[in-house]
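This report refers to the structure that appears directly beneath it.
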Amino acid sequence: MNSTRCCRNRLQTEGLRREVGKLRQRLSNQDRLLQSTVERLHSTNRLKEGIETAIVKQLSRTHTVLRKARGNLEVSFLFVFAKWQLSGHC
């Protein structure tokens, strides 16, 4: 009986060792997957920040151009309006 119990304990121990080994391997795989995901996330965030910076720069340029165009239109309007007034259309 003692040898039977010993064999059973040995089999249980081996089974537990195999299970622990499988769980460690699974944990290792999950850790690698998590690290890969974190790296992709960082990379994507850097790309997003670069795109946001480019958009802000372009919006700033567009704002400057529109502001100058508005100024030019106001000056042109005032010039045309003054010329129209001087020609006696008032």
- Message: Can you compute the modelled spin-label distance between Q25 and V38, with each label point 7 Å from Cα toward Cβ, in nm?
- Response: 2.5
- Leaving out same-chain residues fewer than 8 places away, which aspartates and glutamates sit with a Cα under 19 Å from that of K57? E49
- Roughly what % of Cα-Cα distances in the chain sit above 18 Å, to the whole percent? 77
- Sticking with the crude label model, points 7 Å out along Cα→Cβ, report the distance from W84 to Q58 in nm, one decimal please. 3.7
- Note on the structure: Neighbours of L33 by Cβ distance under 14 Å: Lys/Arg at +1, Asp/Glu at -1, summed charge +1
- With the Cα gyration tensor of the range 29-70 giving a ≥ b ≥ c as the square roots of its eigenvalues, does the rule (a/c under 1.5 for rounded; else a/b larger than b/c for prolate; else oblate) give rounded, prolate or oblate? prolate
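A short reminder: the numbers here are calculations on the coordinates, not readings from a lab. Quick caveat: nothing in here was measured; it's all calculated off a predicted structure. Positions of Cβ are backbone-derived with ideal geometry, glycine not excepted, and every protein chain shown enters the neighbour counts.
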